[in-house]
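The values are calculated or read from the model by the stated rules, or taken from the named source; none is laboratory data. Computed from a predicted structure; not experimentally measured. When we count neighbours, we look across all protein chains shown, and the Cβ atoms used for this are built from the backbone with ideal geometry, even at glycine.
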């Protein structure tokens with residue numbers, strides 16, 4: 001079968017371009033090219049100007065930022081207190097990891113159960129040092145921590161639990177003879193197996209303040225820090241006698257006044273010792289619980305200008321990054337509404353980073 005021939009009408013013939021058509025096309029192409037070049041130059045200039053206006057900063061070192069880690073009694077239990085050298089080695093590893101994470105402050109729990117990880121005339125040695133409360137470990141853990149931290153440019157704030165003497169029958173397992181539960185039982189209230197200084201006892205609060213003053217006088221700490229434990233229970237019986245004697249009508253408001261009175265005295269003691277020292281508190285991330293369960297009136301404290309930082313204790317799911325808190329949905333928003341921290345000096349952190357992150361090899 002032969003191929004079909006193409007007729008003359010369907011064959012492609014070469015198209016001839018005359019001079020006028022060529023010049024018109026060349027001119028149009030030149031105009032389009034010039035327009036594109038000018039537009040590109042304009043946007044390039046805008047981008048360059050925008051980039052020049054943005055300041056170049058080191059995001060790892062923002063001015064005035066407080067990047068802290070809590071070192072609780074749970075972390076101390078993993079440390080070796082057998083000798084000063086062993087404890088120092090553990091501190092060095094922990095602090096090196098803190099510095100490597102870009103932190104600048106360590107909140108070290110040095111009075112977890114009415115005892116002390118430092119030499120004190122008011123509180124017995126912590127059982128965390130030797131296993132026995134009141135027994136001298138033969139060295140000063142806080143002094144070593146301060147030496148190693150300050151040598152690395154890290155601040156150390158002394159984290160104190162103001163009221164707790166015992167959280168259970170096993171923590172601590174035995175109380176020293178000079179524990180306040182033995183020397184001043186009239187100051188103490190029992191909640192289950194736990195023992196606590198009664199927030200309604202002014203003499204107990206004054207003793208806590210004396211302990212702060214002693215610590216500031218003897219150690220170069222960079223601040224004092226309280227956690228979220230204030231009133232140990234909402235039961236009315238623990239301070240019924242004191243409430244009746246006070247003549248107050250509102251139990252909850254009266255209890256808040258008791259806690260606030262302690263907070264103010266501690267603040268004044270810290271600032272009297274050194275106005276540059278910080279006093280901070282880490283309440284729960286739930287303002288309702290703080291106000292009605294712990295009787296800690298955080299809003300009033302901020303309004304009075306009493307704390308340099310308020311860091312809500314929402315536990316972080318370490319070591320995941322970015323930090324993911326385990327707080328119930330909506331707590332952060334509620335906390336921000338309750339504590340806007342608009343006065344400039346109060347700083348709010350929304351997640352707790354524990355020292356477990358700092359002990360990674």
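Numerical summary
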{"read-out": "Conditions (1) farther than 30 Å from residue 142 by Cβ; (2) surrounded by fewer than 15 Cβ atoms within 10 Å (Cβ to Cβ); (3) over 28 Å from the mean Cα position of the chain (by Cα): number failed by residue 251", "value": "(2)"}
{"read-out": "Number of positions in the range 165-176 that are crowded, with 20+ Cβ neighbours inside 10 Å and not in a loop (DSSP other than H, G, I, E, B)", "value": "2"}
{"read-out": "Flag if residue 80 is without any contact (Cβ under 8 Å) to a residue 12 or more places away in the chain, assigned to a loop (DSSP other than H, G, I, E, B) and touching a strand residue (DSSP E or B) at 6+ places or on another chain (Cβ under 8 Å)", "value": "no"}
{"read-out": "Condition met for residue 235 (closer than 23 Å to residue 287 by Cβ and modelled with pLDDT of 95 or more)", "value": "yes"}
{"read-out": "Residue in the range 311-331 that is at pLDDT below 90, closer than 26 Å to residue 204 by Cα and part of a strand (DSSP E or B) present", "value": "yes"}
{"read-out": "Condition check for residue 159: in contact with a helix residue (DSSP H, G or I) (Cβ under 9 Å, 6 or more places away or on another chain) and in contact (Cβ under 8 Å) with a residue 40 or more places away in the chain", "value": "no"}
{"read-out": "Output for the range 270-286, where each listed residue is part of a helix (DSSP H, G or I) and surrounded by 20 or more Cβ atoms within 10 Å (Cβ to Cβ)", "value": "270"}
{"read-out": "Checklist (1) modelled with pLDDT of 95 or more; (2) in contact with a helix residue (DSSP H, G or I) (Cβ under 9 Å, 6 or more places away or on another chain) applied to residue 104, failing item", "value": "(1)"}
{"read-out": "Within the range 177-195, considering residues that are assigned to a loop (DSSP other than H, G, I, E, B) and under 19 Å from residue 131 (Cα atoms), the one farthest from the chain's Cα centre (by Cα)", "value": "177"}
